[in-house]
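Notes for the one structure printed next.
The values are calculated or read from the model by the stated rules, or taken from the named source; none is laboratory data. Since this is a predicted model, take the numbers as computed values, not measurements. Here the Cβ is made from the backbone with ideal geometry for all residues, glycine too, and neighbour counts use every protein chain on show.
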């Protein structure tokens, strides 16, 4: 395992996490290690919290706003790139990594019918198959999401 994966948040702060898209108010926006559904991203909370409810309500609201802004960027970028883009799914889980983080899953019309209506986790091990690993071929997608996020953050943070 690459050493930056041992502490993704600290590595982001040191500039060593290659998945970082942007620093947001409550955390780091990153592109997912796997791109089974192109555009999959996460928001990694930078503070100490396991559950969303560990945060005071005002911080909770900021985290959820940041997650929605990341989703807006993913929607904008993926919608421009793929006419089969349908929607986004958001999740705050914490079952595998007990640190507050949120998932943004783009969903597409080309997905198999039997998997289209359920959570992405129903794909099973296919999600993390080697052919879906984040790599250089995802550079243009990553750049599109970063550009969209930079624009959205400038607009959103300017108002507040």
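Go through the residues of segment 47-54 one by one and say whether even a single one is in contact with a strand residue (DSSP E or B) (Cβ under 8 Å, 6 or more places away or on another chain), on the phi < 0 side of the Ramachandran plot, surrounded by 18 or more Cβ atoms within 10 Å (Cβ to Cβ) and touching a residue at least 40 places away in the same chain (Cβ under 8 Å).
no
Answer yes or no: is there a residue in segment 92-99 that is touching a strand residue (DSSP E or B) at 6+ places or on another chain (Cβ under 6 Å) and crowded, with 17+ Cβ neighbours inside 10 Å. Show your work before the answer.
In the first step, residues of segment 92-99 are kept if they are touching a strand residue (DSSP E or B) at 6+ places or on another chain (Cβ under 6 Å); the result is 92.
Now restrict to residues that are crowded, with 17+ Cβ neighbours inside 10 Å: none.
No.
Out of the residues in segment 23-45 meeting the condition of being closer than 17 Å to residue 153 by Cβ and surrounded by fewer than 19 Cβ atoms within 10 Å (Cβ to Cβ), tell me which one is nearest to the chain's Cα centre (by Cα).
23
Given the structure, is residue 104 in a strand (DSSP E or B) and either more than 18 Å from residue 142 (Cα to Cα) or within 18 Å of the chain's Cα centre (by Cα) (or both)?
Working: in a strand (DSSP E or B): yes; either more than 18 Å from residue 142 (Cα to Cα) or within 18 Å of the chain's Cα centre (by Cα) (or both): yes.
Taking the combined requirement at face value, the residue satisfies it.
Determine whether residue 157 is modelled with pLDDT under 90, over 14 Å from residue 41 (Cα atoms) and assigned to a helix (DSSP H, G or I). Steps first, answer last, please.
Values: modelled with pLDDT under 90: yes; over 14 Å from residue 41 (Cα atoms): yes; assigned to a helix (DSSP H, G or I): yes.
Judged against the criteria, residue 157 is a match.
For segment 112-151, which positions are buried (at least 17 other Cβ atoms within 10 Å of the Cβ) and farther than 19 Å from residue 33 by Cβ?
Result: 148, single match.
For segment 80-90, what are the residues that are within 21 Å of residue 46 (Cβ to Cβ) and either modelled with pLDDT under 95 or over 13 Å from the mean Cα position of the chain (by Cα) (or both)?
The initial filter retains those residues of segment 80-90 that are within 21 Å of residue 46 (Cβ to Cβ), namely 90.
If the condition is that a residue be within 21 Å of residue 46 (Cβ to Cβ) and either modelled with pLDDT under 95 or over 13 Å from the mean Cα position of the chain (by Cα) (or both), then no residue fits.
Condition (residue is surrounded by 22 or more Cβ atoms within 10 Å (Cβ to Cβ), within 21 Å of residue 5 (Cβ to Cβ), in contact with a strand residue (DSSP E or B) (Cβ under 7 Å, 6 or more places away or on another chain) and in contact (Cβ under 8 Å) with a residue 40 or more places away in the chain) applied to segment 71-81: is it met by at least one residue?
No, every residue in segment 71-81 fails to be surrounded by 22 or more Cβ atoms within 10 Å (Cβ to Cβ), within 21 Å of residue 5 (Cβ to Cβ), in contact with a strand residue (DSSP E or B) (Cβ under 7 Å, 6 or more places away or on another chain) and in contact (Cβ under 8 Å) with a residue 40 or more places away in the chain.
What tally of residues in segment 1-53 results from selecting those that are in a helix (DSSP H, G or I), more than 23 Å from residue 145 (Cβ to Cβ) and out of contact with any helix residue (DSSP H, G or I) (no Cβ under 9 Å at 6 or more places or on another chain)?
2
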